[in-house]
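Have a look at the structure below, then the notes.
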Amino acid sequence: QYALVRDVVAALRRHRMHEQQFRQPPLLVLSNFGLPGMHVKLMATVFQNMFPSINVHKVNLNSIKRCLLISYDSDSQLLDLRHYSVKVVPVGVSKGLKKLLQEKFPNMSRLEDISELL
């Protein structure tokens, strides 16, 4: 079973798809590929070689825009592919400062000073 991109985009309330997402390879996550059997190891090798390897010590987290999750079900021998868009957002800061960091300027007409926003 599969779904077309236009059907997925039509079903989403807010979709985030832009061409900068596809300039970098996705982060590949393989699940249940450690099972015995040459066909499972061969599938894992094929998926790993489809994308360049990522050095986790040197990777810039802002460059990772997508995640590809591939899960193998050994009972039914089916693959489940899920492709996610990843967005890095600041955590642990106030709502006003978060908007400034994302270059969305909040309405400051009710405030007397910038310190009230922060």
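The values are calculated or read from the model by the stated rules, or taken from the named source; none is laboratory data. Just so it is clear, the structure is predicted and the values come from calculations on it, not from any experiment. Note: areas computed on protein heavy atoms with side chains; ligands, DNA, RNA excluded. Shrake-Rupley method; radii C 1.70, N 1.55, O 1.52, S 1.80 Å.
Here are a few things to note about the model shown:
- Surface composition of the chain: carbon and sulfur atoms hold 55% of the protein heavy-atom accessible area at a 1.4 Å probe.
- For Arg66, residues with placed amide H under 5 Å, excluding near neighbours: Leu27, Val86
- Evaluated over the chain, the count of Lys pairs having alpha-carbon atoms less than 30 Å apart is 16 (only pairs 8 or more residues apart or interchain).
- Degrees, to the nearest 10: 38-50 long Cα axis against longest axis of the chain: 40 degrees
- Value at 222 nm in deg cm²/dmol, rounded to 500, when DSSP H runs of n ≥ 4 in the chain each add -39,500 (n - 2.57): -7000 deg cm²/dmol
- From the coordinates shown, Kirkwood radius over Cα pairs in Å corresponds to which of [x] 14.1; [y] 17.2; [z] 18.0: [z]
- Note that the range 10-25 has calculated 3J(HN,Hα) couplings of 5, 7, 7, 6, 10, 9, 10, 9, 9, 5, 5, 5, 9, 7, 10, x Hz, one per residue in order, obtained from phi through the Karplus relation 6.51 cos²θ - 1.76 cosθ + 1.60 (θ = phi - 60°); glycine and proline are x.
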